[in-house]
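Asks: What follows is a single structure, and I will ask about it in a moment.
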Amino acid sequence: MTQTHSLWRRLSRVPGGNRLFSAAMCLRVPYFRTVLPTVRELRPGHCEVTGPLWWGVHNHIRTFHAIAACNLAEVAMGMLAEATVPATHRWLPKGMTVAYVAKAKTSLRAVAELSELPEFGDEGFELDVPVTVSDNVGQPVVTATITVWITRSNR
């Protein structure tokens, strides 16, 4: 179990623990704060994060800005990677392919999920992490695939 997943398991069991975990995450990765994310579920191969519709993420038509939705997708992917990639390895985002499929008129939920967990060996490899960002009624508004480069850690 990774340190991130262990911390999540401890904090998510107490009232307000997911908000405390999310605040700690934003201290470590300050740019994530722009979408006010709350981690809702986290386990190896799966992460669900929500972000409210507030004026800080509005675009010119007062919907959730497309790039802010991408940021929420990256939060979900990053937490999935932190809960999945063992301490013997490291990960770095390498690329992102995005489709904006509908206007985002509500708060959003981003789900990153792997169909199966990879094997972590000595050779570096690319891992494509699919992320679906949906509105409050479950309609996808953004779909993304974030490619992560995973290598054995030199630490």
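The values are calculated or read from the model by the stated rules, or taken from the named source; none is laboratory data. All values derive from a computational prediction rather than experimental measurement. Because the Cβ atoms are built from the backbone with ideal geometry, glycine has one as well, and the counts that use them run over all protein chains shown.
Asks: Working only within segment 115-155, note down all residues that are buried (at least 16 other Cβ atoms within 10 Å of the Cβ), of a type in the set (S, T, N, Q) and touching a Leu at 6+ places or on another chain (Cβ under 8 Å).
Replies: Listed by number, the list holds a single entry, 134.
Asks: So, in segment 18-57, exactly how many residues are assigned to a loop (DSSP other than H, G, I, E, B) and either more than 11 Å from the chain's Cα centre (by Cα) or surrounded by fewer than 17 Cβ atoms within 10 Å (Cβ to Cβ) (or both)? It would help to see each step written out before you state the result.
Replies: First pass over segment 18-57, keeping only residues assigned to a loop (DSSP other than H, G, I, E, B): 29, 36-37, 44-45, 52-54.
Narrowing further to those that are either more than 11 Å from the chain's Cα centre (by Cα) or surrounded by fewer than 17 Cβ atoms within 10 Å (Cβ to Cβ) (or both): 29, 36, 44-45, 52-54.
Residues flagged as assigned to a loop (DSSP other than H, G, I, E, B) and either more than 11 Å from the chain's Cα centre (by Cα) or surrounded by fewer than 17 Cβ atoms within 10 Å (Cβ to Cβ) (or both) within segment 18-57 amount to 7.
Asks: Something else about it: Report, by residue number, each residue of segment 67-76 that is over 12 Å from the mean Cα position of the chain (by Cα) and buried (at least 16 other Cβ atoms within 10 Å of the Cβ). Steps first, answer last, please.
Replies: Initial filter on segment 67-76 (over 12 Å from the mean Cα position of the chain (by Cα)): 67-68.
Listed by number, the list holds a single entry, 68.
Asks: For segment 19-34, state whether one or more residues are among the β-branched types (Val, Ile, Thr) and modelled with pLDDT of 95 or more.
Replies: Going through segment 19-34, the residues among the β-branched types (Val, Ile, Thr) turn out to be 29, 34.
Then keep just the ones that are modelled with pLDDT of 95 or more; that gives none.
Within segment 19-34 (the criterion being among the β-branched types (Val, Ile, Thr) and modelled with pLDDT of 95 or more), the answer is no, since none of the residues qualifies.
Asks: Is it the case that segment 77-89 has a residue that's farther than 25 Å from residue 20 by Cα and surrounded by fewer than 22 Cβ atoms within 10 Å (Cβ to Cβ)? Working first, answer last.
Replies: Quick first cut of segment 77-89, residues farther than 25 Å from residue 20 by Cα only: 88-89.
Of the ones still in play, those that are also surrounded by fewer than 22 Cβ atoms within 10 Å (Cβ to Cβ) are 88-89.
So far as segment 77-89 goes, yes, one or more of its residues are farther than 25 Å from residue 20 by Cα and surrounded by fewer than 22 Cβ atoms within 10 Å (Cβ to Cβ).
Asks: A further question on this structure: Consider segment 138-155. How many of its residues are under 19 Å from residue 92 (Cβ atoms) and either at pLDDT 95 or above or touching a strand residue (DSSP E or B) at 6+ places or on another chain (Cβ under 7 Å) (or both)? Show your work before the answer.
Replies: Taking segment 138-155 and keeping what is under 19 Å from residue 92 (Cβ atoms), we get 144-155.
Next, only the ones that are either at pLDDT 95 or above or touching a strand residue (DSSP E or B) at 6+ places or on another chain (Cβ under 7 Å) (or both) stay: 144-153.
Summing the residues that are under 19 Å from residue 92 (Cβ atoms) and either at pLDDT 95 or above or touching a strand residue (DSSP E or B) at 6+ places or on another chain (Cβ under 7 Å) (or both) in segment 138-155 gives 10.
Asks: While we're here: Which residues, taken from segment 1-10, are free of Cβ contacts under 8 Å to residues at least 60 places away in the same chain and surrounded by 18 or more Cβ atoms within 10 Å (Cβ to Cβ)?
Replies: Kept after step one, since they are free of Cβ contacts under 8 Å to residues at least 60 places away in the same chain, are these residues of segment 1-10: 1, 6-7, 9-10.
The one that is free of Cβ contacts under 8 Å to residues at least 60 places away in the same chain and surrounded by 18 or more Cβ atoms within 10 Å (Cβ to Cβ): 7.
Asks: If you don't mind, another one. List every residue pair whose Cβ atoms lie under 8 Å apart, where the two residues are 6 or more positions apart in sequence or sit on different chains, the first residue falls within segment 69-94 and is under 18 Å from residue 111 (Cβ atoms), and the second residue, located anywhere, is of a type in the set (S, T, N, Q) and buried (at least 20 other Cβ atoms within 10 Å of the Cβ).
Replies: Close Cβ pairs satisfying both conditions: 79/4; 82/4; 83/4.
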